[in-house]
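The values are calculated or read from the model by the stated rules, or taken from the named source; none is laboratory data. Worth saying up front: this structure is predicted, and the values here are computed from it rather than measured. Positions of Cβ are generated from backbone atoms using ideal geometry, with glycine treated the same way; all protein chains shown enter the neighbour counts.
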Amino acid sequence: KTFPTYDPRTGDVIANVAEGDAEDIDRAVAAARKAFDEGPWPKMTPYERSRIMLRFADLVEKHSEELAALETWNNGKPHEQAAKSELPMFIRLFHYYAGWADKIHGLTVPADGPHHVQTLHEPIGVAGQIIPWNFPLLMFAWKVGPALACGNTIVLKTAEQTPLTALYVAKLFHEAGLPPGVLNVVSGYGPTAGAALAGHMDVDKVAFTGSTDTGKIILELAAKSNLKPVTLELGGKSPFIICEDADVDKAVELAHFALFFNQGQCCCAGSRTFVHERVYDEFLEKAKARALRRVVGDPFRKGVEQGPQIDTEQFEKVLRYIRAGIESNATLECGGDRLGTKGYFVQPTVFSNVMDDMLIAKDEIFGPVQSILKFKDIDEVIRRANNTRYGLAAGVFTKSVETANTLTRALRAGTVWVNCFDVFDAAIPFGGYKMSGIGREKGIYSLHNYLQVKAVVTPLKNPAWL
Amino acid sequence: RFSSWGRRINSFSTAAAAIDEPIHPSIQVDHTQLLINGQFIDAASGRTFPTVDPRTGDVIVRVAEGDLEDVNRAVAAARKAFDEGPWPKMTAYERSRIMLRFADLLEKHTEEVAKLETWDNGKPYDQAAKIEIPMVVRMFRYYAGWADKIHGFTVPADGQHHVQTLHEPYGVCGLIIPWNFPLLLYSWKVGPALACGNTVVLKTAEQTPLSAIYVSKLFHEAGLPPGVLNVVSGFGPTAGAALSSHMDVNKLSFTGSTATGKIVLTLAAKSNLKPVTLELGGKSPFIVCKDADVDKAVELAHSALFFNQGQCCCAGSRTLVHESVYDEFVEKAKDRALKRVVGDPFKTGIEQGPQIDNEQFKKILKYIRSGIESGATLESGGEQFGSKGYYIQPTVFSNVQDDMLIAKDEIFGPVQSISKFKDLEEVVQRANASSYGLAAGVFTQNIETANTLTRALRVGTVWINCYDIFDAAVPFGGFKMSGQGREKGIYGLSSYLQVKAVVTPLKNPAWL
């Protein structure tokens, strides 16, 4: 079987790709298992593994142009974003992880008696990785990078909306010398291929990025099968808090970016914009003006800031939330409708006078819909910001050191961006509190996801010291 | 005398190729000046000094002789590059890309660099080309990978404070390297120093100035900004002392003899208290236990001592053999030494080239004479090899007693000293009875013996059933008078970072 993948600018089919299902997952897992248990990958030196990863990074750099175009075509994100920001970040991430491959340390451990104790940090084995459609290549890097750096083998299931770029780069990886079976790529759907991977008895670890609802299913499948450890990067409803001392122009621009970036399709989008009452009116006026100026159009055209939403399902959902916002009496400042007649373009939409109990303030919309709320003081905004089952990120906009430090510690979120947002340097760990996820990706922290600890204990006879 | 590839063996000398006309390495030396601020320049005094081919004693070329004024210039360039230049302000990722580009360039130039290294040092060409240069490349790739992974901590406070540590570069690092592994030691020092964002003034050994100049030029081709890496050829008492005493050098790292290490530390103390890493001498025990596979032990003990013409700080230079295998071991060790192939390092199949220079050559012969005079049994070798250059016959002494000079002093030549021991406690006590503590080799099948000896030996590296394993991540350094600090691995970073604690009060902390 095959299934179509679409150009979200029009809804037209780009290509039909192979549709992986349980049988294909079985084959892929068998290949990854063989590559791990018998193949050269775990037995070559970490230095050799790092060289392969570096060669891959170089190959991707050479093919940046094609990859950026493919990513844009399949996802709808502005081409300039893909070409100038995401491809370089992808390359940078593989350089970063190649550098960790030969630096995995365990510990020697103080014992309570005459024993020599050490820990070996070993690869887990076969890692099942399920990535989403909002940042296909970047999410490939966040998962494949550390898994390979730690000596594992992989079965990667891509999102059904965006199967193309992973196939392209995985081929480059083999050209760089990756042994067969180390990285297997299966295109397909969640309920079939994804579920098969999460429930597989011979997969040692599963890492998933996607919605919270699907994350719950993944965790359940892992629990019901072989208790494989699970990393989850899920949804969010991240607060962006603008304090009374904020430079309003800068705050407006940053808050705009925090919400609207990537067509609003970021797990960590700053989707609850809390503004101190003292600067609320000015902020609102400027936020509306900024949204009205947002350039929406064909992502391949220069200067376009916003492309289409990913597919019809998301498109319909976003419009439904906009209607809910209107019906619940939030003030629609601008936008509110689709843009054009083809594809999945939505007008940059701003709601003000949003109340905490409205659907648009509680649910993750995953679209270009900014919700602006008013607050009076720090204790109140902390309480309201934390009053959610999500806990992925937060933005804090203030000049005051004390306010920054207070909010930083009080906000129950995995990332706090102070006077910035969406800073994703390779070494910065990312992940959620509460129902935004389990575990951290990127940086040294991501290595834990792909290593398991073996304690080794030997008796000592006549130890010179203990 | 000896015929070409002659197999005539006389009881005290080795079968070896003759020292015929030395093979010319067919390269030319393009650069001999100081490298300061990205430019090749003469010494301020205009003086030069010769660097010598140890196969013959002939001069290869004259190089610029750096002295106090040149060190001052180099330090000023490094200071400017650190305080004002792009190096510390570019992202760590960009620094790592430059280092990776350098590694690739060096890899491309392996042949020329290995020839230069062999010509200047005398080590077998195969060793330089197939082991050492690849290790240098590997080391720079290793440290390039650390550049963007320097973490500090957030720290639990006792009260209402937010506390973090920043691990920052020192600034200008003075690096002084020896002649026995010129490029390897270049990589052990320059690698982590640059990975941590410092700038460098490197003073090479006067015996081996050439390869550092060559590769540092490649580093600039790789995009290293001017002033980040400055190379000064010169002598210890002048250039080395100037660097050690310089008031504007923030950190010093020295590899060389213990005697010189003490001087370096004194100069650092008397000037600006710059922190100092020292990798010094050793008299490392190689302990062959009673359960040892004797053939394997002989081979390993042989290379532990004779590798690199015996010129290793961590040479296994006290071979302590259990009495139950002693006789067999000595006989086989002698045979192995007699089979060692000595000759022109550019010739294939050579295991041992000449010693580095006349001073070392004479010193080793003096120690050999003292060994004979003190009553040790000369099993093989004992004299100069050939009549030109600084070749010495692979020499083996047995029945060596702990109080003999050859058992106590670092000889730094192809002179193996074999002693007998009876039990573990005794050998531990004798192995530790040294002011050195660099490394040790332990040869046993027995887990308990291995673990016991490992913990008991007061040394920085214990090699069990192996020797001279120098993987990039394995830390290396000495206990006691063999040194201070560790090089290589994650440990190598600590030498090039200083810790800044940052403390801010917290108002209304949600948690402490």
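Residues that are polar (S, T, N, Q) and either farther than 16 Å from B:S482 by Cα or free of Cβ contacts under 8 Å to residues at least 60 places away in the same chain (or both) within region B:402-434 comprise B:Q416, B:S417, B:S419, B:Q429, B:N432, listed in sequence order. Taking the listed residues B:S398, B:S482, the one that is modelled with pLDDT of 95 or more, more than 13 Å from every other protein chain (Cβ to nearest Cβ) and under 30 Å from B:C196 (Cβ atoms) is B:S482, with no other qualifying.
Residue-by-condition table, conditions (1) in contact with a strand residue (DSSP E or B) (Cβ under 8 Å, 6 or more places away or on another chain); (2) small (G, A, S):
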{"site": "B:F307", "(1), (2)": "no, no"}
{"site": "B:A333", "(1), (2)": "yes, yes"}
{"site": "B:G349", "(1), (2)": "no, yes"}
{"site": "B:Q355", "(1), (2)": "yes, no"}
{"site": "B:G382", "(1), (2)": "yes, yes"}
{"site": "B:I392", "(1), (2)": "yes, no"}
{"site": "B:T395", "(1), (2)": "yes, no"}
{"site": "B:D402", "(1), (2)": "yes, no"}
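Determine if region B:162-175 includes at least one residue that is more than 30 Å from B:N272 (Cβ to Cβ), out of contact with any Gly (no Cβ under 8 Å at 6 or more places or on another chain) and buried (at least 22 other Cβ atoms within 10 Å of the Cβ). No, region B:162-175 has no match at all.
Restricting region A:83-112 to residues that are free of Cβ contacts under 8 Å to residues at least 40 places away in the same chain and among the aliphatic types (A, V, I, L, M), the residue that is farthest from the other protein chains (Cβ to nearest Cβ) is A:A83.
Being within 14 Å of chain A (Cβ to nearest Cβ) and under 18 Å from B:T319 (Cβ atoms), is that true of even one residue in region B:415-424? Yes, region B:415-424 has at least one match. Of all residues in region A:113-125, those satisfying the criterion of being among the β-branched types (V, I, T) and away from chain B (no Cβ under 12 Å) are A:T119, A:I124.
Which residue is nearest to the chain's Cα centre (by Cα), if the candidates are limited to region B:68-106 and must be surrounded by fewer than 20 Cβ atoms within 10 Å (Cβ to Cβ) and among the acidic types (D, E)? Across region B:68-106, the extreme among qualifying residues is B:D104. Condition first: surrounded by fewer than 19 Cβ atoms within 10 Å (Cβ to Cβ) and either part of a strand (DSSP E or B) or within 27 Å of the chain's Cα centre (by Cα) (or both). Now tell me which residues in region A:270-310 satisfy that. Scanning region A:270-310 gives A:R294, A:V295, A:G297, A:D298, A:F300, A:R301, A:K302, A:G303, A:V304. The set of residues in region B:196-214 being of a type in the set (A, V, I, L, M, F, W, C) and in contact with a Leu (Cβ under 7 Å, 6 or more places away or on another chain) consists of B:C196, B:V200, B:V201, B:L202, B:L210, B:A212, B:I213.
Can you name every one of the strands (runs of 3 or more DSSP E) wholly within region A:90-196 that holds 1 or more residues which are basic (K, R) and within 27 Å of A:Q265 (Cα to Cα)? The strands (runs of 3 or more DSSP E) meeting that bar are A:153-157. Taken over region A:261-316, the residue count meeting the criterion of being aromatic (F, W, Y), under 27 Å from A:K342 (Cβ atoms) and touching a residue at least 60 places away in the same chain (Cβ under 8 Å) is 2. Filtering region B:362-371 to residues that are within 22 Å of B:T118 (Cα to Cα) and either in contact with a strand residue (DSSP E or B) (Cβ under 7 Å, 6 or more places away or on another chain) or part of a loop (DSSP other than H, G, I, E, B) (or both) leaves only B:I364. All of A:A255, A:A246, A:A222 fail the test of being among the hydrophobic types (A, V, I, L, M, F, W, C), closer than 29 Å to A:I310 by Cβ and assigned by the TED database to the domain that holds A:R389, apart from A:A255. For A:K434, are the conditions met, namely being surrounded by fewer than 19 Cβ atoms within 10 Å (Cβ to Cβ) and touching an Asp or Glu at 6+ places or on another chain (Cβ under 7 Å)? No; evaluated as a whole, the condition is false for this residue.
Among the residues of this structure, B:G152 does not count as one that is more than 14 Å from chain A (Cβ to nearest Cβ), surrounded by fewer than 24 Cβ atoms within 10 Å (Cβ to Cβ) and over 25 Å from B:T51 (Cα atoms). Restricting region B:117-149 to residues that are of a type in the set (A, V, I, L, M), surrounded by fewer than 24 Cβ atoms within 10 Å (Cβ to Cβ) and more than 14 Å from chain A (Cβ to nearest Cβ), the residue that is farthest from B:K488 (Cα to Cα) is B:A129.
Quick check, is B:P226 surrounded by fewer than 24 Cβ atoms within 10 Å (Cβ to Cβ), within 30 Å of B:K500 (Cα to Cα) and either more than 14 Å from chain A (Cβ to nearest Cβ) or in contact (Cβ under 8 Å) with a residue 12 or more places away in the chain (or both)? Steps first, please.
Values: surrounded by fewer than 24 Cβ atoms within 10 Å (Cβ to Cβ): yes; within 30 Å of B:K500 (Cα to Cα): yes; either more than 14 Å from chain A (Cβ to nearest Cβ) or in contact (Cβ under 8 Å) with a residue 12 or more places away in the chain (or both): yes.
Judged against the criteria, B:P226 is a match.
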